[in-house]
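Values in this text are rule-based calculations from the coordinates and carry no lab data. Predicted model only: the values in this text are computed from it and were never measured. For neighbour counting, all protein chains shown are included, and Cβ atoms are generated from backbone atoms with ideal geometry for every residue, glycine included.
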Amino acid sequence: MTVDVIEKFLRYVKIDTQSDDTTGTSPSTMKQHDLAKILFEELKAIGCSDVYYDEEHCYVYATIPSNIDDGKDRPAIGFVAHMDTSDEVSGKDVKPRIVDNYDGKDIVLNEVEKVVLSPKDFPELLNHIGEDLIVTDGTTLLGADDKAGVSEIMTMAETLLSNPEHKHGEIKIAFTPDEEIGEGTAYFDIDRFGAKYAFTVDGGKLGELEYENFNAAEGVIKINGRSVHPGDAKNKMINAALLCYEFHSLLPVFENPMYTEKREGFFHLTEVNGGTESATASYIIRDHDEALFAKKKELFFAAAEFLNKKYGQGTVEVSVRDQYYNMIEKIRPHMHLVDNAKKVMESLGITPIDSPIRGGTDGAALSYKGLPCPNLCTGGYNYHGKYEYASIQEMRKVVDILLGIVDAYGKDF
């Protein structure tokens, strides 16, 4: 029986599951339940066991039992993907379109809005000549992050359950909410999940294998200004909005996402609000290196202290909250996960790409909770925007990677 990952993907992306970091609830949006309910029913229908839907927090768990009865002890291997999509661009009424046999030219996504997916702006498109691409209509994101991963895991599961002659150990599946806002594992039940090791399927380019990620923190400054009529403000006014920008000027100019790549960290100003009397500015602080990460946080506090000495104590209030840490520290004792994934890719003619994540995944948090969890590719590109696309050929190869990993852990371990 042939199971098509693309049919699943095209259905899932039409379901709006955007998360929202302003609600303070879990899940952050109730519409994420719409996909969770569908996956719950589909997992039962294809024959998974222990299918469980956390109706309060919107997690879905399932098991594919081992069909090898030789008395040998094999680790349960898990696969995880997230159901939510980014809130940076609308995820409502997604209209995916397939571009057959891509020819290397511009793809007009929306003629009216003049939205064009062009290799001039995205040169990696030229790597897909001859492939079939799934694109947006130029008004929404696509949702390959991470509905490509969801579709690939579901296809792997249905393939195994439809072909009992394919021998394998115990396999665990989980789908999570709110990964895009950093809350994907807040209520993840590792005991219920039951895997000894796992992989998130939440990367991009075919071959990417990620087991390093940023150390991450959220920084917030609140400026307590002094509003005075501008006609009588000399030596009296403290303009809180201007102090936000003065604070920013004290941070290294080139430690900014616009100027950094690979393992280089940054300070990213995400939002500024306020006026003369009061203002706030929000940052994300990132670095792969633990020592450099600590120095960045120290500099953040030092900038606030400098302004307090200049304008008076209490003018700048600062808070920093760690969000997640580099998973490499938890993966190193279990490098068989990386080695086996590489071997599987190579056996399929895919070149493994060691790629440090310039962000985070559920796998980073799960690794620190005791579940070592590297991240695998999905075949999706240009996440979080209307230029997002996915390669049909790559998505199908990712399913082969998942099946190969299942085989690797079904053998004597």
What residue among Gly71, Gly231, Gly370 has the largest mean-square fluctuation in a Gaussian network model of the chain, using Cα springs under 10 Å? Gly231
Folded to 0 to 90 degrees: helix 336-347 orientation relative to the chain principal axis, Cα: 60
Given Cα positions, please report Rg to Rh for the chain, the hydrodynamic radius being the Kirkwood one. 1.02
Selection from Tyr325, Ser355, Gln313, by position along the positive dipole direction of the chain (Cβ): Gln313
How large is the charge dipole for the chain, taken about the Cα centre, if only the Cβ atoms of Lys, Arg (+1) and Asp, Glu (-1) carry charge, to the nearest 20 debye? 980
Per residue of segment 104-112, what does 6.51 cos²θ - 1.76 cosθ + 1.60 with θ = phi - 60° give for ³J(HN,Hα)? Whole Hz please, x for Gly and Pro, Karplus curve as stated. x, 9, 4, 10, 7, 7, 8, 5, 5
Relative contact order of the chain, defined on C-alpha pairs under 8 angstrom at six or more residues apart (%): 23
Placing each pseudo-label 7 Å from Cα in the direction of the beta carbon, Asp191 and Met258 end up separated by a distance in nanometres of 5.0
Segment 215-323: Kirkwood hydrodynamic radius (Cα pairs, Å) comes out at 14.4
Starting from the Cα-Cα distance between Glu7 and Lys309, subtract it from 0.36 nm times their residue separation and give me the gain in nm to one decimal. 102.6 nm
The extension gain from Ala233 to Ser90, computed as 0.36 nm times the residue separation minus the Cα-Cα distance, is 47.1 nm
In the Gaussian network model of the chain, springs joining C-alpha atoms below 10 Å, which of Phe266, Phe254, Phe214 carries the largest mean-square fluctuation? Phe254
Using Cα-Cα distances under 8 Å and only pairs 6 or more residues apart, what relative contact order does segment 215-323 have, in percent? 40
Which residues among segment 220-238 fall inside the zone where the amide N is under 13 Å from a point 7 Å beyond the Cα of Leu250, along Cα→Cβ? 221-224
Return the single residue from Gly130, Gly182, Gly312 with maximal mean-square fluctuation; model: Gaussian network over the chain, springs between Cα atoms under 10 Å. Gly312
Excluding residues fewer than 8 positions from Lys37 in its own chain, the lysines with Cα under 17 Å of it are Lys8, Lys14, Lys147
In straight Cα distance, which lysines are under 26 Å from Lys72, not counting same-chain residues fewer than 8 positions off? Lys167, Lys172, Lys196, Lys342, Lys343, Lys411
Please give the contour-minus-distance gain from Ala302 to Asp50: 0.36 nm per residue of separation, less the Cα-Cα distance, rounded to one decimal in nm. 85.5 nm
Return, ordered by residue number, the residues of segment 244-277 whose backbone nitrogen is under 11 Å from a label point located 7 Å along Cα→Cβ of Asp289. 263-265
Cα Rg, Dmax, segment 243-397, angstrom units: 20.0, 64
Once the in-chain neighbours fewer than 8 apart are removed, the aspartates and glutamates whose Cα is under 16 Å from Lys330 read Glu210, Glu212, Asp289, Glu290, Asp339, Asp362
Give the distance, in whole Å, between the Cα centre of segment 294-325 and the Cα centre of segment 1-43. 39
Take the Cβ-Cβ distance between Glu317 and Asp73 as r, set R0 to 60 Å, and report the resulting FRET efficiency rounded to the nearest 0.05. 0.65
What base-10 log of the normalised intensity I(q)/I(0) is obtained for segment 173-245 from the Debye formula, alpha carbons as equal point scatterers, at q = 0.21, 0.24, 0.25, 0.26 Å⁻¹? -1.09, -1.22, -1.26, -1.29
FRET efficiency for Thr280 and Ile129 from the Cβ-Cβ distance with R0 = 56 Å, rounded to 0.05, comes out at 0.75
